[in-house]
Structure formats: structure tokens, C-alpha cells
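**Student:** One structure coming up, written as C-alpha cells, with questions to follow.
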Amino acid sequence: MEGSKYTFVYVENKTYSFFLDKIIKEYLAKWSLKGNLKINTFAFNEPFQSYKMKEFVYAFFSDPSVVNTLLSGKDADGESCGDIDYEQLLCSVTSMRFFDRLKDPNNGITMSDGYIRKCLDTKIDDFFVSDKLRKMLLDDDSEEYNLYSEDERKQFLFKLFAHLCLGGQWCQYEDNINPYLHATRAVYKDLVSVQKEAETEMIFVSSVVLKVKVKDPNGMPIFPPNPDNVQNFVYLIINPLSRRVIVLNNTYDGAFCF
């Protein structure tokens with residue numbers, strides 16, 4: 001957009017704890033996310049205003065440092081992008097108790113020890129579904145799917161959990177739900193910022209999270225490519241207080257990394 005005051009600077013060598021944690025790194029490799037799940041951080045100069053969301057998003061993907069870092073080599077020739085679709089996700093969940101219903105044996109997803117119940121093999125989109133957890137995540141005609149409402153599925157925490165469970169093209173799935181929960185907590189804690197309300201002392205997430213799809217001038221999706229696959233995703237995690245934007249993106253059929 002013309003006249004935007006926003007400028008962005010790439011924050012080099014920014015590290016995140018979950019990428020350094022030995023156990024999490026082993027999980028990411030096993031789930032075929034290592035090397036395909038990427039994270040980049042940018043600083044911005046002006047205060048973030050939610051009512052200027054569209055201006056912010058277009059300014060971000062028009063900034064040279066962003067284009068050179070994220071879009072270089074894409075079909076958009078690294079010089080311009082077309083339309084940008086974005087959706088703001090919910091970030092009101094601050095506790096992993098959100099997933100307690102998955103651990104309740106009465107709901108049929110796991111047994112009392114956390115082991116995931118199996119089901120008859122079926123294929124949904126690009127995924128082979130052989131357990132009740134993936135059935136809950138992908139099969140909107142199943143009874144398991146109704147365990148979480150559509151609004152709850154728009155929570156960023158739920159999205160992260162689903163992405164970790166589904167993994168990449170060569171994913172080796174877990175038999176127990178606890179590794180997925182452990183990794184989800186670590187990633188969520190690392191990516192979002194929290195504050196405490198002065199009056200109530202209640203903790204809340206202050207980050208704004210957008211799911212975005214960048215198109216080239218001809219209307220073709222370039223970031224992420226093939227967004228019809230739920231594991232091809234791009235999220236902007238905007239932290240207004242620190243004036244940082246974290247870009248979390250993944251490619252489903254990317255590299256195979258040990």
C-alpha cells in the first residue's frame with residue numbers, strides 16, 4: 001500500500017528455545033518437520049494498530065528485507081506480490097488444559113496411559129488416517145471431530161498442535177499423545193507473548209496471529225505454495241510490545257532431514 005510508514009528489519013541469528021531443545025529436535029526430525037518448518041523474525045518501526053491490519057500486512061510483504069528473505073526465488077520474481085489473504089486466529093487459550101479432553105479415555109481418542117486409539121485405515125486428502133487423533137483432526141464427518149468446536153479450532157494453540165501431529169510427507173507418527181503435547185507447549189510458549197492484567201492479574205496472550213496466503217500478480221499462490229494442503233502454512237505472529245513479527249512457515253513435501 002502506498003504511503004505506509006512501516007519498515008521492517010530482518011533480525012539475524014535470532015534463536016528460539018524449541019529449535020535448540022534436543023528432545024524437540026528429535027521430534028521434528030521424526031515427524032518430517034525438521035528443515036521444512038522455518039522461522040524468521042523481523043523488527044518494525046511504528047506502533048502496531050489492529051485497525052490498520054491490512055496496511056501492516058501489505059507493507060510487510062512489500063518490504064525489501066521481507067521479500068529478499070521470504071520470497072526470493074518464488075514465482076513472484078522477488079519484486080512484487082499480488083493479493084494477500086489473511087485470517088486472524090484466536091489466542092485466548094493460556095493453558096494446556098485445553099487438551100484435557102483428548103486425554104480423557106471416555107472421549108475415545110486415547111487410553112488412560114495416553115496411548116492413541118487405532119481405527120480402520122482411510123485416506124483424507126494427503127494423509128493416511130489410522131488412529132482416532134488424526135481422525136479428530138481431519139475427518140469432519142466423524143464423531144471425534146465434534147470434540148472441538150469450529151471456534152476452538154481457530155485457536156492458534158490448536159493449529160500448532162494439529163500441525164505437529166500431522167507432520168510432513170515422511171512423518172513417523174507417535175503412539176502416545178504426550179510427545180505432541182510436550183512439543184506444542186514448547187513451541188506456543190516460545191512464539192507468543194503474554195501479559196498480566198493489572199486489575200485481575202489474569203494472564204492473556206498479547207500477540208496477534210494471522211494465517212496468510214501470498215499470491216503473485218497473476219493470482220497464483222506462492223507463499224505458501226499449494227495452500228490446499230493444511231501442512232503448507234504461513235503464520236505471522238505479531239508482538240506489538242516488542243515490535244517483532246515472527247514468521248512461521250512449513251512445506252509439507254520439502255526436504256527429508258535426519
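**Student:** Treat each spin label as a single point 7 Å out from the Cα along the C-beta direction, and report the Leu20 to Trp170 distance in nm.
**Tutor:** 2.8 nm
**Student:** Shifting gears a bit: Dipole magnitude of the chain about its Cα centre, charges +1 at Lys/Arg Cβ and -1 at Asp/Glu Cβ only, in debye to the nearest 20?
**Tutor:** 720 debye
**Student:** How big is segment 141-191 along each principal axis, measuring the range of its Cα positions in Å and listing the largest first?
**Tutor:** 25, 25, 20
**Student:** Under 10 Å, Cα contacts only: if you run a Gaussian network model on the chain, which one of Leu241, Leu210, Leu28 comes out with the highest mean-square fluctuation?
**Tutor:** Leu241
**Student:** So what's the back-of-envelope 222 nm ellipticity for the chain, counting only DSSP H runs of four-plus at -39500 (n - 2.57) apiece and dividing by all residues, rounded to 500?
**Tutor:** Taken over the chain, the calculation gives -6500 deg cm²/dmol.
**Student:** What whole-number volume per residue, in cubic angstrom, does the convex hull of the C-alpha atoms of segment 96-164 give? Could you put the intermediate results ahead of the total?
**Tutor:** Working: hull volume 6.5 nm³, N = 69.
So the per-residue Cα hull volume is 95 Å³.
**Student:** Another question, then. Please list, or write none, the aspartates and glutamates whose alpha carbon is within less than 17 Å of the alpha carbon of Lys14, excluding same-chain residues fewer than 8 places away.
**Tutor:** Those aspartates and glutamates meeting the cut-off are Asp190.
**Student:** Still on this structure, please answer the following. What is the projected area of the convex hull of the Cα atoms of the chain, averaged over all directions, in nm²?
**Tutor:** 15.0 nm²
**Student:** I want the local charge near Ser95. Using Cβ-Cβ distances under 14 Å, sum +1 for each Lys or Arg and -1 for each Asp or Glu among the other residues.
**Tutor:** Working: positive: Arg97, Arg101, Lys103, Arg185, Lys189; negative: Asp100, Glu152.
Overall, the nearby charge balance is +3.
**Student:** Keeping to pairs on different chains or 8 or more places apart, tell me how many lysine pairs in segment 96-164 have Cα atoms under 17 Å apart.
**Tutor:** Lysine pairs, 8 or more places apart or on different chains, close enough: 8.
**Student:** A follow-up question, please. Which chymotrypsin sites (Phe, Trp or Tyr not before Pro) from segment 112-172 combine a DSSP loop assignment with at most 16 other Cβ atoms within 10 Å?
**Tutor:** Trp170
**Student:** If you build the convex hull over the alpha carbons only and average its shadow over all orientations, what do you get for segment 120-258? Give it in nm² to one decimal.
**Tutor:** 11.2 nm²
Every number in this text was worked out from the coordinates using simple rules, so none of it is lab data. For clarity, every value in this text was computed on a predicted model and none was experimentally measured. Every residue, glycine as well, gets a Cβ built from its backbone with ideal geometry; the counts of neighbours run over all protein chains shown.
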